[in-house]
Amino acid sequence: MGFQFWFTVGGLFLIGPIALVQSFIYLRRGVYTRTFKGTRRREYVHKNTNPIDYWCNVIFELVASVVMIGVGFWLLNSIPTFNEWCAGIRAIFSL
């Protein structure tokens, strides 16, 4: 469990929730903001004018953020202390 492991887990738990909140913001506003790498150009995809493109982008971002959080927990599952902590939490809720 070196620096690379903790850097990866920290990055997943930092970026995953941010992307999840951002996808909920896109759902609420009805406008998906597509940015292009290396430029300041933005393209706004409105739910009413281009619904297929909008929903594909929003669903992909929502699924990717949930997968990032899940992979973070999956990586933490290899630590025995974390397993004991999770077992304790499960025991509390199983009463």
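Would region 82-93 turn up any residue that is touching a residue at least 12 places away in the same chain (Cβ under 8 Å) and either surrounded by 12 or more Cβ atoms within 10 Å (Cβ to Cβ) or under 22 Å from the mean Cα position of the chain (by Cα) (or both)?
no
Results for (1) assigned to a strand (DSSP E or B); (2) farther than 30 Å from Asn77 by Cβ; (3) modelled with pLDDT of 90 or more, shown as yes or no for each residue.
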| site | (1), (2), (3) |
| --- | --- |
| Gly11 | no, no, yes |
| Leu14 | no, no, yes |
| Pro17 | no, no, yes |
| Leu20 | no, no, yes |
| Thr33 | yes, yes, no |
| Gly38 | no, yes, no |
| Tyr44 | yes, yes, no |
| Thr49 | no, yes, no |
| Ile59 | no, no, yes |
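Mind checking whether some residue in region 19-37 is in contact (Cβ under 8 Å) with a residue 12 or more places away in the chain, among the small types (Gly, Ala, Ser) and closer than 26 Å to Trp6 by Cα?
yes
Take the residues in region 61-81 that are touching a residue at least 40 places away in the same chain (Cβ under 8 Å) and either in contact with a Ser or Thr (Cβ under 8 Å, 6 or more places away or on another chain) or not in a helix (DSSP H, G or I) (or both), then tell me which one is farthest from Arg34 (Cα to Cα).
My answer is Ile79.
The values are calculated or read from the model by the stated rules, or taken from the named source; none is laboratory data. On a predicted model such as this, the values are computed, not experimentally measured, just so you know. Neighbour counts are summed over all protein chains in view; Cβ atoms, including those assigned to glycine, are modelled from backbone coordinates with ideal geometry.
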